[in-house]
1. Rounded to whole Å, give me the distance from the Cα center of region 51-69 to that of region 83-114.
2. Restricting to lysine pairs 8 or more places apart or on different chains, what number in the chain have Cα atoms under 24 Å apart?
3. Determine the shape class of region 57-114: with a ≥ b ≥ c the square roots of the Cα gyration tensor eigenvalues, call it rounded for a/c under 1.5, and otherwise prolate if a/b is greater than b/c, oblate otherwise.
4. Kindly identify the chain as rounded, prolate or oblate by the Cα gyration tensor criterion: order the square roots of the eigenvalues as a ≥ b ≥ c, call it rounded if a/c is under 1.5, otherwise compare a/b with b/c, prolate if a/b is larger, else oblate.
5. If you line up the long axis of helix 58-74 against the longest principal axis of the chain, both from Cα atoms, how many degrees apart are they, to the nearest 10?
6. HN-Hα J couplings of region 40-50 from phi, Karplus 6.51/-1.76/1.60, θ = phi - 60°, integer Hz, Gly and Pro as x?
7. Of all the accessible heavy-atom surface of the chain, with the other protein chains kept in place and a 1.4 Å probe, what percent is carbon and sulfur?
8. Using the Karplus curve 6.51 cos²θ - 1.76 cosθ + 1.60 with θ = phi - 60°, what ³J(HN,Hα) values do you get for each residue of region 106-111, in whole Hz, with x for Gly and Pro?
Amino acid sequence: MADCLFCKIAAGEIPSNKLYEDDTLLAFYDIDPQAPVHFLIIPKQHIQSAAALTEDDAALLGHVFAVAAKLCRDLGVEEKGYRIVSNVGEDGGQSVKHLHFHVLAGRSLAWPPG
Ligand code: AMP
Ligand code: ZN
């Protein structure tokens, strides 16, 4: 989608600090990390947010969570734990309108979130 930051990152038109890539997904480190480990997983396909997901996206979502688990294992944060978050809309705090999953780890995370 034109003028979408994460579509441009997925297409390699804007550089990112890449962790993982395959045909459908890209994982890269967040530019403004909120924890010692903070990366994003995005589908390469433009989906506005989690609110736009349907039953047809079941395989894609399973893949997102499997990749998140593998990357957390590889980064050595599996045992201590981590958080996967997807912000939706204004009240959810979504600033980039392309579906993404934050993966945060490396410190004890507060709950409830602010
Ligand atoms: P959200 O506020 O949930 O929409 O999350 C968007 C995230 O994208 C924020 O945590 C930003 O720090 C991050 N972000 C914005 N631009 C970039 C970029 N060029 N590379 C990596 N992360 C980015
Ligand atoms: Zn996009």
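1. 16 Å
2. Pairs that pass both the separation and distance tests number 10.
3. Oblate.
4. Verdict is rounded for the chain.
5. 40 degrees
6. 10, 10, 10, x, 5, 6, 6, 10, 4, 5, 4
7. Carbon and sulfur together cover 53 percent of it.
8. x, 8, 6, 9, 6, 9
The values are calculated or read from the model by the stated rules, or taken from the named source; none is laboratory data. It should be emphasised that the depicted structure is a prediction, and the values quoted were computed from it without experimental measurement. Note that each Cβ is placed from the backbone with ideal geometry, even for glycine, and that neighbours are counted across all protein chains shown. Each accessible area value is taken on the protein alone, full model and side chains, heavy atoms only, with ligands, DNA and RNA left out. Shrake-Rupley method; radii C 1.70, N 1.55, O 1.52, S 1.80 Å.
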